[in-house]
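Single-structure report; data block below.
The values are calculated or read from the model by the stated rules, or taken from the named source; none is laboratory data. Bear in mind the structure is a predicted one, so any value in this text is a computation, not a measurement. Note: ideal-geometry Cβ built from the backbone for every residue, glycine included; neighbour counts use all protein chains shown. The protein model used for the area step is the full one, side chains on, heavy atoms only, and it has no ligands, DNA or RNA in it. Shrake-Rupley method; radii C 1.70, N 1.55, O 1.52, S 1.80 Å.
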Amino acid sequence: WGRLDFIVHSIAYAPRDDLHGRVIDCSLAGFQQAMRVSCFSFIEMARLAEPLMRPGGVMLTMSYYGADKVVSNYNIMGPVKAALQATTRYLAAELGEAGVRVYAVSPGPLKTRAASGIAAFDELVADAVARSPAGRLVDIAEVGRTVAFLVGGSASGMTGDTIYVDAGLHNMA
């Protein structure tokens, strides 16, 4: 087809011992692997997609609130997702002149296969429900509608942002 309208980067990984351990105890190899899979792969994807993107194209990645605040048991993924959000801003700056927009989408806790690797995930979910202003979790359809908004023309005045879809949880102390 010769072109891409949008791409979605939604992959993250850290070795189990490094994910479940303290950040200070993370191995160099585990940190490098988590960064390579969870962050650098977005850079690689953007590099490969850039020649196929036309003005109005969109690049999205998935992040999490643990990039901004300390979340129990999120551990090494917090710094990795913070790097991913910074990467989003830099890619937006570099690709903006070509008319390509870049976003990070940060859903609240979703019961996914990836989430099953986080220790005490059920407690994280219960805490999110208790603390969010809406008193609930978001569902995957709400995240999908947000992504549809971002790739559509309605979000043309935005780029480089992290968009939270978490029932307001990120606003709570």
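For Cα pairs less than 8 Å apart in space and 6+ apart in sequence, what is the mean separation divided by the residue count of the range 6-166, i.e. the relative contact order in percent?
Worked out over the range 6-166, it gives 25 percent.
All other residues with a Cβ under 15 Å from the Cβ of GLU142 taken together, and with Lys, Arg as +1 and Asp, Glu as -1, what is their net charge?
Overall, the nearby charge balance is +1.
Can you give me the long-range amide H partners of GLY56? Hydrogens built in the peptide plane at 1.01 Å from N, cutoff under 5 Å, separation of 5 or more residues or another chain.
VAL100, ARG101
With every protein chain present, what is the per residue accessible area of the range 6-166 (1.4 Å probe, Å²)?
That works out to 51 Å² for each residue.
Mind checking the range 70-173 for chymotrypsin sites (Phe, Trp or Tyr not before Pro) that DSSP puts in a loop (not H, G, I, E or B) and that have at most 13 other Cβ atoms within 10 Å?
none
Note the full-extension length gain between GLU97 and SER72 as 0.36 nm times their separation in residues minus their Cα-Cα distance, in nm to one decimal.
Length gained between GLU97 and SER72: 5.1 nm.
So for the pair SER10, VAL129, with labels modelled 7 Å out along Cα→Cβ, what separation do we get in nm?
Distance between the two pseudo-spin positions: 2.3 nm.
Can you give the helix-only mean residue ellipticity at 222 nm for the chain, where every DSSP H stretch with n ≥ 4 adds -39500 (n - 2.57) and the sum goes over all residues, rounded to the nearest 500 deg cm²/dmol?
-11000 deg cm²/dmol
For the range 1-60 and the range 117-133, what is the separation of their C-alpha centers, rounded to whole Å?
Each part reduced to its Cα centre gives a spacing of 24 Å.
Each residue of the range 47-64 in turn: what ³J(HN,Hα) in whole Hz from Karplus with 6.51, -1.76, 1.60 and θ = phi - 60°, glycine and Pro shown as x?
Result, rounded to whole Hz: 4, 6, 7, 3, x, 9, 8, 9, x, x, x, 9, 10, 10, 9, 9, 10, 7.
If you roll a 1.4 angstrom probe over the protein chains with everything in place, what fraction of the accessible area of the chain belongs to carbon and sulfur, to the nearest %?
Reported share for carbon and sulfur atoms: 57 percent.
List, in order, the whole-Hz ³J(HN,Hα) value for each residue of the range 123-135 obtained from phi through the Karplus relation with A = 6.51, B = -1.76, C = 1.60 and θ = phi - 60°; use x for Gly and Pro.
5, 4, 5, 4, 5, 4, 5, 5, 9, 6, x, 7, x
Determine the gain in length on full extension of the stretch ILE43-ALA120; use 0.36 nm per residue of separation and subtract their C-alpha separation, reporting nm with one decimal.
Contour length minus Cα-Cα distance gives 24.7 nm.
Of (i) 180; (ii) 119; (iii) 214, which is the value of volume of the Cα convex hull per residue in Å³ derived from the coordinates here?
Recomputing volume of the Cα convex hull per residue in Å³ here picks out (ii).
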